[in-house]
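Colleague: What follows is a structure written as C-alpha cells; I'll ask about it next.
No value in this document is a laboratory result; all are computed from the given coordinates. Worth saying up front: this structure is predicted, and the values here are computed from it rather than measured. For neighbour counting, all protein chains shown are included, and Cβ atoms are generated from backbone atoms with ideal geometry for every residue, glycine included.
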C-alpha cells in the first residue's frame, strides 16, 4: 500500500508540473526550495559543514548563499524531470545547447567506447536525456529505487529516446559489455564509497573514498574518458551540456597505482567543474563520511 501511494503521489506531482507553464513551475519550485531549506535542518547542517571544509576561504555569508542555491537547483531539476516527457528537439532549441561536443565526438571516434565522468552537479538527470534527444543514446549507472514501481516509472522517462540503465549491483560486467560494443556510459563519481569499492583520493584537499570502477574499466578496455555536465548558465538563461577534454587513464606496470591515479584525475576534473558552479552541486550529501583508518569522523 505504501509503495502504491508513493507511486501515485509522484505521478500526480509530475503530471501537475508537466501541465503548468514552465516559468510558473520554476517559481513554484523556488518557493518549495526555500521551505525545504528551512525545514530540513540536518541536511542544511551537512551542507554547511561540507562548504566549511571544502571552501574555507569563503565568508559564512557566501557559503550560505551557495547552499541556498543548491536547494533551488534541486527544485528546478525536479521540475525538469516532471516535464521531460514533453521535450523535443524543437521545443528545447532555445534554452538547451551543447558545448564541447567535439570532445565527445573525438572520444567516440576512437572506437573503444566512452565513459563519461559526471556527478550530482547541475541537472544530471536532464544531461543524459538531452544527449539522447540529440541522437546520442547512452547508458547510465544507477541505484535501484526501493519502490520498484516508481523505479520503473523513473527509468521509463530516462530511457524514452534510447538510453538504458546499468544497475550498480552488476555494473562492472555491464560496463565491460558496453565498452566492447563501443557504447557510451555515464557514471556519477562524486558520492561517498567504502572500501574495497573505493580508494581514497583528494577532493577539495580532503581524502575522499571514491569509486574506482570507471578507472578499472577504462584501463582494461582502453575506453575514452571525459567529463560531462548539464549546467544552468544564468547569463544565457539556458542549460548547457558541457563536455570537457579527455582524461587520460595511466597504463603502466603498476596496475593498482594506475587505478588510484586514474580515479584521482577523474575526481580532480569533477572538482574543477564544481568550483565553477558551486551552487549547483549536492553539498548536502555526506561526501567525506568514510575516513581512512585511524581518522575521526568529520560529521
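Colleague: Mind counting the residues in the stretch 99-124 that are more than 17 Å from residue 80 (Cα to Cα) and outside any loop (DSSP other than H, G, I, E, B)?
Modeller: Residues flagged as more than 17 Å from residue 80 (Cα to Cα) and outside any loop (DSSP other than H, G, I, E, B) within the stretch 99-124 amount to 15.
Colleague: Quickly run through the stretch 175-208 and pick out the residues that are surrounded by 20 or more Cβ atoms within 10 Å (Cβ to Cβ) and over 30 Å from residue 56 (Cα atoms).
Modeller: 175, 178, 179, 184, 185, 186
Quick grid of which residues meet (1) part of a helix (DSSP H, G or I); (2) in contact with a strand residue (DSSP E or B) (Cβ under 6 Å, 6 or more places away or on another chain):
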site	(1), (2)
126	yes, yes
144	no, yes
154	yes, no
162	no, no
193	no, yes
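Colleague: Could you pull out the residue among 259, 249, 284 that is touching a residue at least 60 places away in the same chain (Cβ under 8 Å), in a loop (DSSP other than H, G, I, E, B) and in contact with a helix residue (DSSP H, G or I) (Cβ under 6 Å, 6 or more places away or on another chain)?
Modeller: Working: 259 fails: in a loop (DSSP other than H, G, I, E, B); 249 fails: touching a residue at least 60 places away in the same chain (Cβ under 8 Å).
Every option except 284 fails the conditions.
Colleague: Which residue out of 168, 182 is out of contact with any helix residue (DSSP H, G or I) (no Cβ under 7 Å at 6 or more places or on another chain), in contact (Cβ under 8 Å) with a residue 24 or more places away in the chain and closer than 30 Å to residue 88 by Cβ? Before you say what the answer is, go through the steps one by one.
Modeller: Working: 168 fails: closer than 30 Å to residue 88 by Cβ.
None of the other options fit; the residue is 182.
Colleague: I'd like to verify a number: residues in the stretch 29-44 that are free of Cβ contacts under 8 Å to residues at least 24 places away in the same chain, part of a helix (DSSP H, G or I) and surrounded by 13 or more Cβ atoms within 10 Å (Cβ to Cβ), how many?
Modeller: Our first condition is that a residue be free of Cβ contacts under 8 Å to residues at least 24 places away in the same chain; within the stretch 29-44, this holds for 31, 35, 38-42.
Remaining after also requiring part of a helix (DSSP H, G or I): 31, 35, 38-39, 41-42.
Add one more test, that the residue is surrounded by 13 or more Cβ atoms within 10 Å (Cβ to Cβ), and what stays is none.
Summing the residues that are free of Cβ contacts under 8 Å to residues at least 24 places away in the same chain, part of a helix (DSSP H, G or I) and surrounded by 13 or more Cβ atoms within 10 Å (Cβ to Cβ) in the stretch 29-44 gives 0.
Colleague: Related question: From the list 119, 69, 113, 18, exactly one residue is surrounded by 15 or more Cβ atoms within 10 Å (Cβ to Cβ), more than 30 Å from residue 267 (Cβ to Cβ), in contact (Cβ under 8 Å) with a residue 60 or more places away in the chain and in contact with a helix residue (DSSP H, G or I) (Cβ under 6 Å, 6 or more places away or on another chain). Which is it? Reasoning before the result, please.
Modeller: Numbers: 119 fails: more than 30 Å from residue 267 (Cβ to Cβ); 69 fails: more than 30 Å from residue 267 (Cβ to Cβ); 113 fails: more than 30 Å from residue 267 (Cβ to Cβ).
Every option except 18 fails the conditions.
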